């Protein structure tokens, strides 16, 4: 059963702590993406990766870091430098590059207090 | 800056009516257009894609594309309360090496 998984669904952290959000896909997609969504707002692109060991900053990369060591995995670390980390984080993938339709995982809701 | 504009809504329609959602984009060379549905608290789900001028129908959904006027629309026939969601328009910029640009979405409310 192919798809994108994100874990955990809910995550709670204290301010000042780094936290890593998991994203795994078994669709054999080349490109993967991370978005942030705040309540009532649209999607904002954090980072994206077209191939293994390569990734690019999106519109709001400050305070975040990523890695792409395997095609299937694209973890996102929210660092303590991110001023307002509480948000809904969405991972997506697309089959063969950036111009194709994206498929989304179920998301991780991060709350930092 | 490539832009995709949508009316934020809410767009309220009675059950059984046609809901019309519109999206305009700034990059004249865009080639691929997508509609996503996002229920409250959930992730976006791809419901339609369109690449050529004209209409594309899939069940109760019809996507319409007019590249000359730079707009794409989504019609939902026989609207149901279960169609109540936010609908996101996404456009592939002409540059070819940048990700899709998403609009902020239109919230649709279907009233029973």
Taking chain A and dividing mean pair separation by its residue count, relative contact order in percent (alpha carbons under 8 Å, at least six apart): 35 percent
field: Max mean-square fluctuation residue, GNM over chain B, Cα-Cα springs under 10 Å, options B:99, B:44, B:81
entry: B:99
- request: Can you check what the Kirkwood hydrodynamic radius comes to for region B:1-93, Cα pairs only, in Å to one decimal?
  value: 13.5 Å
message: Please compute, for peptide A:38-50, the average count of beta-carbon atoms on other protein chains lying within 10 Å of each residue's beta-carbon.
response: 3
query: What residue among B:90, B:19, B:68 has the largest mean-square fluctuation in a Gaussian network model of chain B, using Cα springs under 10 Å?
result: B:68
Most to least packed among B:24-34, A:13-23 [average Cβ atoms within 10 Å]: B:24-34, A:13-23
field: Shielding by other protein chains, B:100-108, mean Cβ within 10 Å
entry: 3
field: Fluctuation leader among A:40, A:97, A:58 - chain A, Gaussian network, Cα springs under 10 angstrom
entry: A:40
Number of partner chain Cβ atoms within 10 Å, mean per residue of B:26-35: 1
Cα centroid separation, region B:13-32 to region A:19-55 (Å): 25 Å
query: Rounded if a/c is under 1.5, else prolate if a/b beats b/c, else oblate: with a ≥ b ≥ c from the C-alpha gyration tensor eigenvalues square-rooted, which is the protein assembly as shown?
result: prolate
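Bear in mind these aren't lab numbers, they're just calculated from the coordinates by the rules spelled out. Everything quoted here is computed from the prediction, not taken from an experiment. Cβ atoms come from the backbone with ideal geometry, glycine included; neighbour counts cover every protein chain shown.
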